[in-house]
Amino acid sequence: MNKFWFKPGLIVLFFVLILFSSLLVIGQQTADKDKMQIQVPPPPLNEDTFPCSMCHGDMETNPERRELVDFHENIVLKHDEENRWCMACHDDKNRDMLHSASGELIDFSESYKLCGQCHGPKLKDWEAGIHGRRTGQWNGEKKYLLCAHCHNPHSPKFPHLKPEPAPIKPGKKK
Amino acid sequence: MSIQKTTFSPKKVDRRSFLKAAAATSSAAALAACGDKAAIEEFLQRDFRSLSKEKIAKIIERLEAEYAQKYGKAFTVSTKEPIPETFFGYALDLSRCIGCRKCVYACVDENNQSRDPQLHWIQVLEMEKEKGVDFIDANLYYDHEEVPHEGHFYVPIACQHCKNPPCVKSCPVGATWTDSDGIVVIDYNWCIGCRCCMAACPYGARHFNWGRPTLPAEDANPNTHYLGNRPRMKGVVEKCTWCIQRVREGRYPACVEACPVGARKFGNLLDKDSEIRYILENKRVLILREVLNTQPKFYYFYST
């Protein structure tokens, strides 16, 4: 019996099996991740300014922090502005794309990947359907929104709103 | 001590049965005098749960005709039963709600509440952050230029759809009950308007039609459910049904879709992959007035 277990061939086979099964599990996980590509409506891009390459195509990139005049002067950066400027998120080579901290290009339609680099727990909640408005079917297809549909990426704090009218107090006429 | 026994001879007409018969005859005569067949049928209608399929179909036909005439458009009154293996739960993110009251008016539009006298199923309470969840000093009538107001947070309250509902227990006629999907419903035609349920509800979630409800024809939502948003009459109690007419079709309640900050979540508690289960398993959750053992299925949570 003992001799049977100590056969080197069997031990090697055992390790090969472990390796193989772990590879399978990893493969399965990546497959799940791909399947989890979340369907979102098109990003809220301004037709006057997008694609950015319309103007920026042949323009030299100026990465300097400066007051914007003539163009984009309506953009107020209130999003870790001390540490960041345009090129922190917008790509300077491919002007119609964003990029992650590690330089990977990210399309505007997948901007949540960019946001999720810093806001990991929010991204996780959003994927689970907890963060953000959900419409569609509770038992079927759910409709998601991109971060940028509700939060201005340059100034992401949710804006204050005017409330709807208060209810009429009992005994009071309209 | 001897116990006095009262016996009734079946042949003798006692006072009670005489009065019963007399009342029935006279009211039937009074109704017949009106000459309105629909009114007689409505008066004689039994409670919803004891009705046969044929009778329900007849009632629905009558109601649809009545509403179509009153509001000048085609109405559907659904009697769709609960979806099997569903038990609904609702969650509201207190760390997100900004008190904009969009849910209140989305609910009014969806559920045909009376515009005058005004009736709201959702009540948004403004509370001070310093005091925490405190009902005594909560303000329902806040009126700021912008919300959220500095130093305040908001707690919207509607029916909590308790697993142990005091309203259902208090109803003397059984006009309100919990359906198998967990929605607490009311049969408006069987409600006698005694308001016992309102006294029993610790959340102030039930509302009485003190006056004849008014619903402008152009605002009426014609997609209705018998136990939900069909137009109500004077003298009956009503409350949130989690948009029974929508959720039994797989849709989200109107308030969930209206909330601009996405604070409102809805789903099936029996589905382990649902949003609601994720919240219960991963977030800090509280229920209102837990000590009363009403066991609400309406969970308040903090996502942050």
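The values are calculated or read from the model by the stated rules, or taken from the named source; none is laboratory data. Keep in mind the model is a prediction, meaning the values are calculated, not measured. Neighbour counts are summed over all protein chains in view; Cβ atoms, including those assigned to glycine, are modelled from backbone coordinates with ideal geometry.
Considered as a group, the residues in region A:111-121 that are buried (at least 16 other Cβ atoms within 10 Å of the Cβ) and either hydrophobic (A, V, I, L, M, F, W, C) or more than 23 Å from A:Asp91 (Cβ to Cβ) (or both) include one that is nearest to the other protein chains (Cβ to nearest Cβ), and that residue is A:Cys115.
The sole residue among B:Asp14, B:Asp47 that is surrounded by 10 or more Cβ atoms within 10 Å (Cβ to Cβ) and either at pLDDT 80 or above or closer than 27 Å to B:Gly174 by Cα (or both) is B:Asp47. Count of region B:106-128 residues, restricted to those that are at the interface with chain A (Cβ under 8 Å from one of its Cβ atoms) and touching a residue at least 60 places away in the same chain (Cβ under 8 Å), is 3.
Residue check: is B:Cys167 over 21 Å from B:Ala254 (Cα atoms), crowded, with 20+ Cβ neighbours inside 10 Å and in contact (Cβ under 8 Å) with a residue 24 or more places away in the chain? Taking the combined requirement at face value, the residue satisfies it. Evaluate region A:124-141: report whether one residue or more is surrounded by fewer than 16 Cβ atoms within 10 Å (Cβ to Cβ), more than 11 Å from chain B (Cβ to nearest Cβ) and in a strand (DSSP E or B). There is no residue in region A:124-141 that is surrounded by fewer than 16 Cβ atoms within 10 Å (Cβ to Cβ), more than 11 Å from chain B (Cβ to nearest Cβ) and in a strand (DSSP E or B).
Annotation: A:Ala88 fulfils all but one of (1) of a type outside the set (S, T, N, Q); (2) at the interface with another protein chain (Cβ under 10 Å from one of its Cβ atoms); (3) within 21 Å of A:Met59 (Cβ to Cβ); the unmet one is (2). Per the conditions (1) more than 21 Å from B:His120 (Cα to Cα); (2) modelled with pLDDT of 95 or more, the sole criterion not satisfied by B:Asp273 is (2). Of all the residues in region A:65-118, those that are in contact (Cβ under 8 Å) with a residue 40 or more places away in the chain and among the basic types (Lys, Arg) number 2. Go over the candidates B:Val133, B:Val168 one by one and state the one that is within 30 Å of B:Glu41 (Cβ to Cβ) and either more than 11 Å from every other protein chain (Cβ to nearest Cβ) or part of a loop (DSSP other than H, G, I, E, B) (or both). One residue alone meets the criteria, B:Val168.
Considering only residues in region B:76-101 that are crowded, with 19+ Cβ neighbours inside 10 Å and not in a loop (DSSP other than H, G, I, E, B), the one that is farthest from the other protein chains (Cβ to nearest Cβ) turns out to be B:Val77.
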